[in-house]
């Protein structure tokens, strides 16, 4: 029952972003003239987030999906490339303009235990967000808090409690309420439910879907769980070693994956149907180190179909309609 | 029928002192057949990991384990400590979720494998070296000779889990207890490890008890499954049967909580509330506060496992209504 | 609820320090004599009913002097730590949050300060500024903030990696708000435990400086000064030095016990 989007308008545009985290370069390395090294987290990522859609970003650990999420809300600055919101480069924003951007593009964090200040009551957490951003005159703040708690289906007495008095799922609801308090257009959810029990995950996912309809939110859903990403995303981007290797409409990407890595990832995800199990290993080998990236295509060390060109030339995303894949293989 | 490999009956594990003790595992019984992979599934606090550790008597102080764990005619729970040590890491091996912490960081891998070989085999030093190489090959670590001299931190997460398995297999165990062995791993690596476990099961004719919270892992690897909730087994049976027709309201909710293709962006069949903690188990059926089928009987009386079809059991007063309600996967 | 089962060290320390504060605030209620009144008829008298702790070489009642010394020594405990504490946590929090170059510079300062023996450094500064309590407080603050800053900086570095700090940044909160409203309250616990233990050290240090003539000045009643007064009479009037010593030990013990107890309480609450 996916909502039909009549207007597709780019809201947030990631343009060729790179980000590397330098490794400690100690005296001994300097004396031995070892060049400084870095973890290459993002290696030229480009994608657009459309207004009103849910864009899923999926990949294994070290693929750069969390770094990308943090670049979107400017918790990280990009090394090169840019993130454009509306028509401004977010790196150029300062002072009140930056704060306004922060309100428009909000993030929800993975860890329900560390993402809330343990010394603040829920009321204080929400009041702070509302008053710093002057969302409401102070007289109306209590009513707004009540509204927000309703919105995320928490009881009213939650306001006077501290984070440790809640379960993991409830804490994630508090995190969502905090993000929604500043009335954002975009929610960036980084592994929103991966720390929760399965039965609780479903509650939070249902809530997110409902809030998105109700508030016309644009959602960037970063996760490693393919099933979840498939369930809630309109479009999905698959990342590998800091690159988007494939991006396209959810249905197309899952039913006809084009990139060999996407194919391997989908095959590796255990089927929920016990009658359809296979004993074939989906992808051999391990992830190469993000410190020393392979030449050419980043997946060439594990790709069963790699040929000469893959070791020389790094493929770029090429389109077939709305479904893009970065692979030298024909078709 | 072949003979049962491991028979657990009325296993109960409590923590703490009398009076304030909490029950983590509450009177559970199950069998593991030779060569079978049994999945113990549940959410946090369900007692699945405690069950596994109780079998091996790997429990912290101030805990008590009662019941019977029959392994080849002997009760592991009544066995004297020296004899148990021979079984542990010998006929029964265990692997853990976090290979990083389960391996000794200051010893090369070779030493850690040899240690187990020395404890559980009569091999000579030279033979132990040879066997170590074989084990590394067996678990799919190439360049074994060089890798054996390395320390755990020189291995990636997936490789460390392979090393753990190699150590566990050193004594050619007949039963492998695996506690969330792939939870810390990436999808493609999880896939490799699960299939490795299945291959080893075939090759070494051992049984496996696999503890996991991931229903996908169960569907892809296990022959039979037991669903645990609040310290009890609420449903058990052949994997295909349980996935095909859950008989317990909790199993139905759990299966419905996992998104599946064809239902994109529609609400998931979720379960309200959260799993109960050890301290506040509800009376009656522990699931009743979260159950849409619950009646007064569920709130006062604790249901016991009843045979539903052959080999398929559920502890639910309303399995007929649960079945009639259908579920996302049917 | 935890109030009902406070750890025993906290209770014991609380009693000791509670009594000390009482004596410090109302010494005249408890002291039988004027602490500086000299009685030439009772020089160097051994402890007796009239003078439970004896008299010194000027005939001053040792008990009254020990009690009146609480006023100065408890002040030393407070003023000798409070400035270090305040400056230390502010600087430490900022440095810990900023990291980078600020952290490197701070690291060098810490190294420089801790390579000197603490007492020698304080004595050097007081010698330059001149003897007296105020200069002693200045010296203690100049050196002592480093220790607090180090504790807080380390803790803030841990806290700032937690998601709630990033959540604050993603909210567009200013660094000052994140540091002082969010990180500091979560990072301050070890510094609070340390400040209480440090009060015991401050008293020891204050007495040491008093003994050396660099802290409180005679004829003021201060334990270090008193011990110094008695040093020539150790064989004939041991009580002149011993009872102020006992007071130092009891107060120091009290602060240490509170420190231990607090650490326990704050740890379990986390």
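Read-outs throughout are calculated quantities, based only on the coordinates presented, and are distinct from any laboratory measurement. Just so you know, these numbers come straight off a predicted model, no measurement behind them. Every residue, glycine among them, receives a Cβ derived from its backbone with ideal geometry; neighbour counts consider all protein chains shown.
Take every residue in peptide A:100-110, count the Cβ atoms of other chains within 10 Å of its Cβ, and give the average of those counts.
Counting Cβ atoms of other protein chains within 10 Å of each residue's Cβ and averaging gives 3.
Hey, can you rank B:244-252, C:243-251 by average C-beta count inside 10 Å, highest first?
Answer by packing, highest mean first, reads B:244-252, C:243-251.
Shielding by partners for C:177-189, please: the mean number of other protein chain Cβ atoms within 10 Å of each residue's Cβ.
The per-residue average across the peptide is 2.
Where a ≥ b ≥ c are the square roots of the eigenvalues of the C-alpha gyration tensor, would you call the stretch A:181-331 rounded, which needs a/c under 1.5, or, failing that, prolate if a/b is larger than b/c, or oblate?
It comes out prolate by the Cα gyration axes.
Kirkwood-based Rg over Rh for the stretch B:6-227 (C-alpha set), two decimals? Walk me through the numbers on the way to the answer.
Details: Rg = 17.3 Å, Rh = 17.9 Å.
With Rh from the inverse mean 1/r over Cα pairs, Rg/Rh is 0.96.
What FRET efficiency comes out for residue A:79 versus residue A:312 if R0 is 25 angstrom and r is the Cβ-Cβ distance? Round to the nearest 0.05. Could you put the intermediate results ahead of the total?
Values: r = 25 Å, r/R0 = 0.99.
Result of the calculation: an efficiency of 0.50.
In whole angstrom, note down how far apart the Cα centers of the stretch B:53-104 and the stretch A:148-203 are.
What the calculation gives is 40 Å, centre to centre.
Would you kindly give the portion of the calculated P(r) for chain A that falls above 39 Å, as a percent of all Cα pairs? Working shown, then result.
Numbers: 9788 of 54615 pairs.
Of all Cα-Cα pairs in chain A, 18 percent lie more than 39 Å apart.
With an 8 Å cut-off on Cα pairs and a minimum separation of 6 or more residues, tell me the relative contact order of the stretch C:203-249 in percent.
Computed value for the stretch C:203-249: 30 percent relative contact order.
Of the listed peptides A:283-290, A:136-143, A:253-260, A:216-223, what is their order by residue-averaged count of other C-beta atoms within 10 Å, with the highest listed first?
A:216-223, A:253-260, A:283-290, A:136-143
I need two numbers for the stretch C:142-270: Rg to one decimal and Dmax as a whole number, Cα atoms only, in Å.
Both quantities, over Cα of the stretch C:142-270: 21.0, 72 Å.
How big is the gap, in Å, between the Cα center of the stretch A:265-331 and the Cα center of the stretch B:294-310?
Measuring centre to centre over Cα atoms gives 49 Å.
As a footprinting exposure proxy, order A:66, A:61 by other Cβ within 10 Å, with the fewest listed first.
On the way: A:66 20, A:61 15.
Ordered by Cβ neighbours within 10 Å, fewest first: A:61, A:66.
Please compute the volume of the convex hull spanned by the alpha-carbon atoms of the protein assembly as shown and report it per residue in Å³.
Values: hull volume 224.2 nm³, N = 931.
Once divided by residue count, the hull of the protein assembly as shown is 241 Å³.
Show me B:39-45, C:191-197, C:127-133 ranked by packing, highest mean number of other Cβ atoms within 10 Å first.
The packing order, highest mean first, is B:39-45, C:191-197, C:127-133.
Please figure out what share of the DSSP beta bridges in the protein assembly as shown is antiparallel and state it in percent, rounded to the nearest 5.
Just about 60 percent of them are antiparallel.
What is the distance in Å between the Cα centroid of the stretch C:46-65 and that of the stretch C:193-270?
A separation of 20 Å, based on Cα centres.
Largest first and in whole Å, give the semi-axes of chain C's equivalent ellipsoid, each being the square root of 5 times a Cα gyration tensor eigenvalue.
So the equivalent ellipsoid measures 42, 22, 13 Å along its semi-axes.
Report the extension gain between residue A:251 and residue A:273 in nm, rounded to one decimal, defined as 0.36 nm multiplied by the number of residues separating them, less their alpha carbon distance.
6.0 nm
Can you tell me the FRET efficiency between residue C:180 and residue A:165 if r is taken as the Cβ-Cβ distance and R0 is 22 Å, rounded to the nearest 0.05?
0.35
Taking the C-alpha atoms of the stretch B:1-114, how large are the radius of gyration and the largest Cα-Cα span, Dmax, in Å?
Gyration radius and largest Cα-Cα distance of the stretch B:1-114: 15.5, 47 Å.
Let me confirm one metric for peptide B:188-198, namely the mean number of other chain beta-carbon atoms within 10 Å of its residues' beta-carbons.
5
If you look at just the Cα atoms of the stretch C:18-171, how large are its Rg and its Dmax in Å?
Both quantities, over Cα of the stretch C:18-171: 22.8, 77 Å.
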